[in-house]
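Below you'll find the structure, written out as structure tokens, and then a few comments.
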Amino acid sequence: LFRQASYLGITATPYANIFINPETTDEMRDDDLFPRDFIYSLAPPTNYIGAESIFGEEAQFEEALEEIYPQEMEAFFPFKHKKDLVVDELPPSMREAIAYFLLVNGICDVQKNKKEHRSMMIHVSRFTDVQNQISGLVHDWIEDVRSDLQNYGCLPECKSDEIDNIAFLKEVWSKHHLPEKAGTKDGSMPWHRFLSEYLFAAVAPIAVRSVNQKSSSTGLDYYNHKERGLRVIAVGGNSLSRGLTLEGLCVSYFYRKSQMYDTLLQMGRWFGYRPGYDDLFKIWISVEAIDWYGYITAAAEELKREIIRMRDANLTPLEFGLKVRQDPASLIVTARNKMRSATQVSRPITVSGRLLETPRLRADKFSLNQN
């Protein structure tokens with residue numbers, strides 16, 4: 001209908017786009033989605049917490065990462081589990097993450113941010129039935145904790161410590177050095193004062209919601225809670241990881257396996273802005289995934305530098321040609337059907353100025369002769 005038209009694509013994961021064959025004409029009517037004219041890399045604002053801030057070599061928020069160990073999770077949610085998996089108990093690390101979220105709500109109340117939205121994400125399975133079971137168990141446990149806080153929170157400390165759930169919260173409180181973070185002008189916050197004055201009121205409004213095809217995202221209606229703030233634990237999978245924004249995301253519990261750079265980045269809902277609580281947010285994530293995200297972050301930063309080089313040379317993507325670093329282990333850049341036009345190339349990497357240490361010494365004759 002138009003004599004002139006422009007297509008402007010904005011994406012956080014450009015890998016699939018740059019691997020489209022620029023010579024093809026069957027992607028869209030007589031045209032394609034290859035960015036033939038320009039790619040511009042937007043600089044993140046200084047207060048944005050992105051992949052480089054969490055997983056980069058000099059990550060500012062590296063302490064936000066809490067490791068989930070495969071031995072524990074394989075007993076509860078094996079990577080290759082099916083939709084008929086029966087979930088009758090929460091992993092200890094998940095209980096710790098939930099307890100941490102409850103405590104963070106209290107800390108934010110101490111700091112008088114009572115109307116802010118606060119969210120926690122649990123993403124361990126793509127199956128709706130499994131998500132709903134987890135959601136039910138989380139809801140039941142929080143109800144127990146809420147009841148204990150209401151009934152026993154104002155007892156003397158020696159008595160409240162005898163209640164299992166309160167003792168567990170106190171343990172998490174100490175483990176993550178929260179007395180200093182909950183502190184006021186008078187100094188760090190004593191546990192018993194925090195427990196008796198703030199914690200029940202902070203935990204009381206927290207709701208647990210499943211976010212999937214059956215439930216949609218109606219449970220995450222932040223707009224209708226803007227006056228008082230929504231406090232929610234969202235349990236989901238693919239619905240959580242595609243474009244859905246979790247307002248005030250304080251705690252993420254993530255245990256999923258994907259081999260693709262772009263899919264892993266899309267699943268990472270924990271990138272964003274943390275005004276006033278950037279010292280409190282936590283991500284529980286597998287040791288393996290920390291390694292994946294570290295590698296993807298390095299590859300993404302390298303691609304951004306390539307784009308800057310291209311711009312400085314006054315070349316278009318069609319003239320310049322873009323490359324993305326390939327993980328030597330298991331990860332792939334994007335879905336294989338989107339990489340049909342990609343060509344593998346080898347590039348020398350300089351190690352000048354770096355301290356390199358070998359993890360092992362080989363004694364076989366072939367290696368010694370090669371050396």
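Within the range 64-90, track down each residue that is out of contact with any strand residue (DSSP E or B) (no Cβ under 9 Å at 6 or more places or on another chain) and not hydrophobic (A, V, I, L, M, F, W, C).
Correct list: Q71, E72, E74, P78, K80, H81, K82, K83, D84, D88, E89.
Can you go through V208, V110, V203 and tell me which one is under 30 Å from K80 (Cβ atoms), in contact with a helix residue (DSSP H, G or I) (Cβ under 9 Å, 6 or more places away or on another chain) and either open to solvent by 30 Å² or more (accessible area, probe 1.4 Å) or in contact (Cβ under 8 Å) with a residue 60 or more places away in the chain (or both)?
On the way: V110 fails: under 30 Å from K80 (Cβ atoms); V203 fails: under 30 Å from K80 (Cβ atoms).
From the options V208, V110, V203, the qualifying one is V208.
Here are some residues: G268, G243. Which one is open to solvent by 60 Å² or more (accessible area, probe 1.4 Å) and modelled with pLDDT under 85?
G243
Out of the range 297-329, which residues are hydroxyl-bearing (S, T, Y) and within 22 Å of E58 (Cα to Cα)?
Matches in the range 297-329: T297 only.
Applying the selection to the range 275-309, what residues are under 30 Å from Q111 (Cβ atoms), over 12 Å from the mean Cα position of the chain (by Cα) and open to solvent by 20 Å² or more (accessible area, probe 1.4 Å)?
Matches in the range 275-309: P275, G276, Y277, D278, D279.
Please count how many residues of the range 145-162 are surrounded by fewer than 14 Cβ atoms within 10 Å (Cβ to Cβ) and assigned to a loop (DSSP other than H, G, I, E, B).
Of the residues in that region, 2 qualify.
Is there a residue being without any contact (Cβ under 8 Å) to a residue 12 or more places away in the chain, of a type in the set (A, V, I, L, M) and either over 18 Å from V203 (Cα atoms) or open to solvent by less than 50 Å² (accessible area, probe 1.4 Å) (or both) anywhere in the range 163-175?
Within the range 163-175, one or more residues are without any contact (Cβ under 8 Å) to a residue 12 or more places away in the chain, of a type in the set (A, V, I, L, M) and either over 18 Å from V203 (Cα atoms) or open to solvent by less than 50 Å² (accessible area, probe 1.4 Å) (or both).
Anything in the range 224-240 that is open to solvent by 60 Å² or more (accessible area, probe 1.4 Å) and touching a Leu at 6+ places or on another chain (Cβ under 9 Å)? List them, or say none.
N224
Given the criterion open to solvent by less than 40 Å² (accessible area, probe 1.4 Å) and part of a loop (DSSP other than H, G, I, E, B), identify the matching residue among S119, S125.
Just a single option satisfies the conditions, and that option is S125.
Kindly establish whether W284 is hydrophobic (A, V, I, L, M, F, W, C), in contact (Cβ under 8 Å) with a residue 60 or more places away in the chain and either part of a loop (DSSP other than H, G, I, E, B) or out of contact with any helix residue (DSSP H, G or I) (no Cβ under 9 Å at 6 or more places or on another chain) (or both).
Taking the combined requirement at face value, the residue does not satisfy it.
Within the range 178-185, identify whether any single residue is open to solvent by 10 Å² or more (accessible area, probe 1.4 Å) and assigned to a loop (DSSP other than H, G, I, E, B), and answer yes or no.
Within the range 178-185 (the criterion being open to solvent by 10 Å² or more (accessible area, probe 1.4 Å) and assigned to a loop (DSSP other than H, G, I, E, B)), the answer is yes, since at least one residue qualifies.
Here are some residues: A12, A51, A64. Which one is modelled with pLDDT under 85, surrounded by 10 or more Cβ atoms within 10 Å (Cβ to Cβ), of a type outside the set (D, E) and within 23 Å of A300 (Cβ to Cβ)?
A12
Please determine whether any residue of the range 132-144 is outside any loop (DSSP other than H, G, I, E, B), closer than 24 Å to A64 by Cα, more than 22 Å from the chain's Cα centre (by Cα) and not small (G, A, S).
Among the residues of the range 132-144, at least one is outside any loop (DSSP other than H, G, I, E, B), closer than 24 Å to A64 by Cα, more than 22 Å from the chain's Cα centre (by Cα) and not small (G, A, S), which makes the answer yes.
Would you confirm whether any residue within the range 314-329 is at pLDDT 85 or above and crowded, with 18+ Cβ neighbours inside 10 Å?
Here is the first cut: in the range 314-329, the ones at pLDDT 85 or above are 314-316.
Next cut, crowded, with 18+ Cβ neighbours inside 10 Å only: none.
No, the range 314-329 contains no residue that is at pLDDT 85 or above and crowded, with 18+ Cβ neighbours inside 10 Å.
Would you call L103 in a helix (DSSP H, G or I) and either touching a residue at least 24 places away in the same chain (Cβ under 8 Å) or open to solvent by 60 Å² or more (accessible area, probe 1.4 Å) (or both)?
yes
The values are calculated or read from the model by the stated rules, or taken from the named source; none is laboratory data. Remember, it's a predicted structure, so these values are computed and weren't measured experimentally. Methodologically, a virtual Cβ is constructed for each residue, glycine included, from the backbone with ideal geometry; neighbour enumeration extends over all protein chains shown. The protein model used for the area step is the full one, side chains on, heavy atoms only, and it has no ligands, DNA or RNA in it. Shrake-Rupley method; radii C 1.70, N 1.55, O 1.52, S 1.80 Å.
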